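The values are calculated or read from the model by the stated rules, or taken from the named source; none is laboratory data. None of these values were measured; they are calculated from a predicted model. Glycine also receives a Cβ, built like all others from the backbone with ideal geometry; neighbour counts cover every protein chain displayed. Accessible surface areas use protein heavy atoms only, side chains included; no ligands, DNA or RNA. Shrake-Rupley method; radii C 1.70, N 1.55, O 1.52, S 1.80 Å.
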Amino acid sequence: MENVHLALEEDDLYSGYNDYNPTFDSEELENDVGFQQAVRTNHGRRPPMTAKFPGTAMGARPLASSFGSRMPMSSSMGRPMTGAVQDGAARPMTAVRAAGYTSSLTRGSTFDPLGQSRGPAPPLEAKSEETAEEKIKILEMKVNDLIEESCMAHNCLRIQALEKAKEAGRKERALVRQREQSGSGEHINLDLTYSVLLNLANQYANNEMYPEALNSYQVIVKNKMFSNAGRLKVNMANIYFKQKNYPKAIKFYRMALDQISNTHKELRIKIMQNIGVVFVRMGQYSDAITSFEHIMSESANIKTGFNLILCYYAIGDRERMKKAFLKLISVRLGIDDEDKYIPSNDDTSSDMVIEAIKNDKLHQMERDLKALAEKYIMTAAKLIAPAIETSFAAGFDWCVDMVKSSQYVELANDLEINKAITYLRQKDFKQAVETLKTFEKKDSRVKSAAATNLSFLYFLEKDFDQADRYADLAMNADRYNPAALINKGNTVFIKQDYEKAAEFYKEALRNDSSCTEALYNLGLTYKKLNRLEEALDCFLKLHAILRNCAQVMYQLAHLHELLEDPQQAIEWLMQVISVTPTDPQVLAKLGELHDAEGDKSQAFQYYYESFRYFPSNIDVIEWLGAYYIETQFCEKAIQYFERATLIQPTQVKWQLMVASCYRRSGNYQKALETYKDIHRKFPVNIECLRFLVRLCTDMGLKEVQEYATKLKKVEKMKEIREQVKGSARGRKEGREGSAGSAGDSHSGSSTKGERLSAKMRSLPASSEPYEASSPKELDASYVDPLGPQTDRPKTGAKKRIEDDDFADEELGDDLLPE
């Protein structure tokens, strides 16, 4: 505490603040000799002196206040400066040597931290020449790189892969020669040679250059220095198989089998399976059965079991077909149960692991293997069902019973569904319906599928009430079944409740966004509701999914036509023609659009193409005939109207058009004969008689009076007929106001009038001018070879696409996949 002094009351608490340290005096630095010497010499590089109070280097120099006198700084006083120059030599400064300062620098030396004053750097030493061993190693690396590049290029550019393989072969031969020249021929890399030859042979085979591939394989096989080269005979056998040289393929498979030891059991099984397939191709089913039976006894698999069933079916052995089917459904796939991938919700870490492996590649491979097994079992059951029993139904029932007792229990219901579909293919609709009805009391998934098919069948039979009933049943069993929703929408569409139908189609799309049937039907529904823009949007989406669907593109063309955009409609129809170039109705539609645009020559081209593919379209025939008449080529129009006469023999206008063409072309004799022939078939046709009178008058024939008399009679009969119609209409109006008591007195005359009227109505009459080119209704006796357009399926390449084909078009995929 002796160093602690307490402040007295009389002390000045603010004293000392005006004291001045002369160290910070910069005004007198020019007069300070020590400072100026330090600036001119290395002495100025010393670190700044720390001011102390009182200053140790200044001795007992008193401090001057700002109000007192200022004394010049005597830097030379006190102890000597450490950075001062002594004897003309600079003090070494090792701490800053990295910046370019060295102890060798003397006073007057230039500052050169980069050493530029030493001149240019000496030239690099020349690399010594590579030794032979180094060259060989570099060449080996290049060969390996080429082999790797060839293998990588195989997936995209096979020609490039082959070129790389050839280049690797050339470099490998150069490598061997270089080794021999260097005297190290005994150290040849056989593995590298083997890799080059094998890759070259594989690339030849991939490019279908089979003779070259066989030669390359032969070089490897014959070289005794290559171990295990015998198994490459399998590759050679595969090439012979592709060349359909089956005897040689079997020979090489057996040679490979002899050279593979029993330790490679899996490889031997695969080779024996190939041998069995070759025997099947040769029609030697007994030998194939021997191979397949051996495989099934050693290491059974699904594919071999299916092939064995096919062989037994080919030779017609019922009992062995059954045994083979039992072996097929008893094959163990070696995959985990699906319950393994259901989270337990007890252990979070295990649930995370399950979630991670649920959709990995291994699980996907297991699903694919299971799907393949189910496909083989279903196909085998459908194949052998009619053959193993006396009837198809009994055979299918046996297969179903066997499947129910196997590990594929869930396939039994699918087999029952396929049984119903088989009945449909056999046109046995009654049995199909009965089979499907048995599913009404089963689980919801199968029940929904069966009800969907039943709804589809009743819809095709136009029993819309039953179709609606089963559509409701399918929806109740599985509301997320898009096919059931489509069927329900179709039944509502038939009742013309388009808004409700659109809601069902939208729901089907929400359940399955890839359901093209629902999207197609939704577009048709919007079209019926005259919501053309929304319909166009639906069909554009559908076109993005089904790029080459002619029906979709036709609907787009029709919508653009309705939206009064004929050019865009023509563009879409041109795309339809690119897919179905022989569709006559699309060609005719293109002709119609070009005709409306005023392009007669283009319209004629498309109408003519349509006539070429379908020469029975009466509208096309009429347009072509009218076109030739308009262009003053009446002779060419005759053949079209004659064809129209063959199609509609009861329509007099086509025969009148033929006669008119003869008359216009100046062939009056042929025209007269045609008119006479028409008069024999239609004796009361006024137009025919008028032209007969005119022609006979112009030609000075005697028959003119006869035809004139007949013309007057026919015209008089026409007037009487019109009078009878008028009086009958008046009597009808009078009877409505009278009691009918006077009807007896006029019964005779009225009966006579009715008979006369009936007689007149039975006579074919036509008052239309024969030059008319407007479309007429088809005669009832004419039957379109393609049937009514509303019944044409939309998938036919030569059928017209109509949006009225609703009942038969939109349900095409509602049946379960086979």
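From the largest down, the range 535-605 spans 36, 26, 14 angstrom on the principal axes of its Cα atoms. The listed peptides 480-488, 158-166, ordered by packing as a protection proxy, come out as 480-488, 158-166 (highest mean of other Cβ atoms within 10 Å first). Packing, as the average of other Cβ atoms within 10 Å across residues, places the peptides 610-616, 499-505 in the order 499-505, 610-616, highest first. Direction-averaged shadow area of the convex hull around the Cα atoms of the range 279-334, nm²? Averaging across all directions leaves 3.5 nm² for the Cα convex hull.
Can you tell which of Leu310, Leu328, Tyr285 lies farthest toward the positive end of the dipole of the range 133-338, using +1 and -1 charges on the Cβ of basic and acidic side chains (Lys, Arg; Asp, Glu)? The listed residue farthest towards the positive side: Tyr285. Using the Cα gyration tensor of the range 133-338, with a ≥ b ≥ c the square roots of its eigenvalues, what is the shape: rounded (a/c below 1.5), prolate (a/b larger than b/c) or oblate (neither)? It comes out prolate by the Cα gyration axes.
Straight-line reach from Lys676: taking Cα to Cα under 20 Å and skipping same-chain neighbours fewer than 8 places apart, the lysines in range are Lys653, Lys702, Lys710, Lys712, Lys713.
Relative to one another, the C-alpha centroids of the range 672-729 and the range 553-585 are positioned 47 Å apart.
Shape of the range 359-506 from its Cα gyration tensor (a ≥ b ≥ c, root eigenvalues): rounded if a/c is under 1.5, otherwise prolate when a/b > b/c, or oblate? All intermediate terms of the calculation are to be shown ahead of the outcome.
Numbers: a/c = 2.60, a/b = 1.42, b/c = 1.83.
Oblate.
Which shape class applies to the range 439-504: rounded if a/c is under 1.5, otherwise prolate when a/b exceeds b/c and oblate if not, where a ≥ b ≥ c are the square roots of the Cα gyration tensor eigenvalues?
oblate
Take Lys600: with every protein chain present and a 1.4 Å probe, its accessible area is about 80 Å².
For the range 502-564, the equivalent ellipsoid built from the Cα gyration tensor has semi-axes of 19, 14, 7 Å, listed from largest to smallest.
Protection proxy ranking, highest mean first, for peptides 533-542, 312-321: 533-542, 312-321, where packing is the per-residue count of other beta-carbon atoms within 10 Å, averaged. May I ask which of Lys322/Lys419; Lys303/Lys323; Lys375/Lys427; Lys541/Lys589; Lys323/Lys404 have a Cα-Cα span longer than 21 Å here? Beyond 21 Å between Cα atoms: Lys375/Lys427; Lys541/Lys589. A Förster radius of 45 Å, combined with the Cβ-Cβ distance separating Val176 from Lys244, puts the computed FRET efficiency at roughly 0.75.
Over the range 133-338, Cα pairs under 8 Å with separation of 6+ residues give a relative contact order of 10 percent. Residues Ser216, Ser727, sorted by accessible area with the largest first, give Ser727, Ser216 [1.4 Å probe; ligands and nucleic acids excluded]. 3J(HN,Hα) along the range 666-680: x, 8, 5, 5, 5, 5, 5, 5, 5, 5, 5, 5, 5, 5, 5 Hz, from the Karplus curve 6.51 cos²θ - 1.76 cosθ + 1.60 with θ = phi - 60°, whole Hz, x for Gly and Pro. Partners of Lys164 within straight-line reach, counting lysines whose Cα lies under 16 Å from its Cα and excluding those fewer than 8 residues away in the same chain: Lys142. Per-residue SASA remark: Thr193, around 20 Å² accessible (1.4 Å probe; ligands, DNA and RNA not included). Computed from the C-beta positions of Asp463 and Glu703 and an R0 of 60 Å, the FRET efficiency is 0.45 to the nearest 0.05.
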